[in-house]
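The structure appears right after this line, and notes come after that.
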Amino acid sequence: MSEISAGKWRDALPVKKLKNGKKKMVTVDKKMILVGLQDEQYFATEALCRHMRWPLAWGAKVKDDCIRCPLHQTTHRIDNGELVEWSPFPLFPPYGKLVGKMSKQKNLKIYETRIHESNIQVFF
């Protein structure tokens, strides 16, 4: 499939608007996404946690190539979106397991990124 028929690159935000270790929630083509820069590498994911739809821009931590939702600690890899841990809720583990069973386990949608003309772009 060619790039034209498979999707398109879209501007997400200017490079100068994102510092290393930071992330921002933006809307691109009517989709909310999270764009981040970690260890000098750009990444883009869907904006809301797959568990309870919490905005990942509001406190999610990126560490060891994973993003962890602050609400119930659901964790995904930022390179491919693979689920690492589903709702462990470490403050009270039995509650986390119960809450985790209320929704189906899902991987996080990841978008390819690139820099083009001083903009961070994502591929849809």
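The values are calculated or read from the model by the stated rules, or taken from the named source; none is laboratory data. Just so it is clear, the model here is predicted, and its values are computed rather than measured. Virtual Cβ from ideal backbone geometry, glycine too; neighbours counted across all protein chains shown.
Quick look at the numbers
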{"read-out": "Filtered residues of the range 66-94 (kept if of a type in the set (Asp, Glu) and more than 12 Å from residue 110 (Cβ to Cβ))", "value": "85"}
{"read-out": "Residue check for residue 84: in contact (Cβ under 8 Å) with a residue 40 or more places away in the chain, surrounded by fewer than 19 Cβ atoms within 10 Å (Cβ to Cβ) and over 16 Å from residue 124 (Cα atoms)", "value": "no"}
{"read-out": "Any hit, the range 116-123, residues being modelled with pLDDT of 95 or more, assigned to a loop (DSSP other than H, G, I, E, B) and touching a Leu at 6+ places or on another chain (Cβ under 9 Å)", "value": "no"}
{"read-out": "Close pairs from the range 22-43: first closer than 18 Å to residue 76 by Cα and touching a residue at least 60 places away in the same chain (Cβ under 8 Å), partner in a strand (DSSP E or B) and of a type in the set (Asp, Glu), Cβ under 7 Å, at least 6 apart", "value": "33/46"}
